[in-house]
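Quick note: the coordinates plus some simple rules give every number you see, no bench work behind them. The structure displayed is predicted, hence computed values, not measured ones. Here the Cβ positions follow ideal geometry from the backbone for every residue, glycine too, while neighbour counts run over all protein chains shown.
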Amino acid sequence: MRRNSTICPAVARLFCVCMALILFTDAAAHGDSVLHDFAPNFATLDTEMWLIYEDTHGSGTTDTSTATGPHVIANSYLSNHYDSVAAPLMLTPGGGSTYAKDYITGATRFNLDFGSPVLGSTLPDDQFTLDISGTMSAMDAHNSAGDPSDAKVEVKTLSKFYIDASHGGGTSGARVGYLLFDKLALNAFETKKNVFVTEIHPGSGARVYSDFYGPHPAVSVPLIGDRFYEVAFEYQAIVPYGVDPPYHCPYGYQTSYGNPYGGGGSGVPEPATLTLVLIALGGVAAVRRRRSAV
């Protein structure tokens, strides 16, 4: 009986040590740049923005001013900060207005700031941030076709990168980190705030889609070793005829080793975690055999 009473605490201690090692491994990994570790081919940024006066009758007549930001290749070995900015020319209603303030302005800034240990970075994780802002008025706006018009702004951004498992010391097909998306909240006059994530297998071309339409709570998507990723953001705001507010949309997402949102994982233990669990289970099995032999 004395042997049994000392064996159980020993098993409990073994489980505690294993769980501590698991938690320490996760905590140690959190706070580094996933893209710096796993994306040697760098990440890209692309931005497009449209300012539009669109008729209120649905006939499809529009006046448009558009701009495309530069195609940016973000190399963490050269800089910790990159941005792609799209700033269309101010748009006035082609058919005129009785209000001088009827016009649309806007700019979209799409940034990538690498996390530590990239030189110059003070951030724990890689941060993709958007800032969409401007003014739009449609108090008495008429487009070039002479139709009374709403003022509309549309934005699309796209980031691409490849998660190279061998470069970062990971395992092909296993999770190496997460994409973390802030909640998608629709404010006044906003009609679209959506995120589309595409995971692409480099060999078969098979695609896995994760689409999130605002309003949507914060969410995570696992990053898998040896996969291409495309992350698209879509924004739209409409000011109806007879209204003239400003607009502003800050938004961001990041790559991280940690996942504060929960979920998003495959439910399959990572190799290191699985090894620790097997050791613990092996200890339990040995104890059971010894107890049955007594």
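Couple of notes before you dig in:
- Entry note: segment 33-257 has Rg to Rh equal to 1.06, where both radii use alpha-carbon atoms and Rh is the Kirkwood radius.
- Cα-based convex hull volume of segment 97-179 per residue, rounded to whole Å³: 161
- Counting Lys and Arg as +1 and Asp and Glu as -1 over every other residue whose Cβ lies under 9 Å from the Cβ of GLU234, the net charge comes to +2.
- By the count of other C-beta atoms within 10 Å, a proxy for reagent exposure, ILE200, ILE104 are ordered fewest to most as ILE200, ILE104.
- Local electrostatic count, THR135, Cβ distance below 11 Å [Lys/Arg +1, Asp/Glu -1]: -1
- Comparing segment 41-135 with the 2.2 N^0.38 Å rule of thumb, its C-alpha radius of gyration ratio is 1.45 (two decimals).
- Estimated D of segment 147-212 in µm² per second, where Rh is the Kirkwood radius over Cα pairs and Stokes-Einstein applies at 25 °C, 0.890 mPa s: 158
- Environment charge at ASN111 (Cβ cut-off 12 Å; Lys +1, Arg +1, Asp -1, Glu -1): -3
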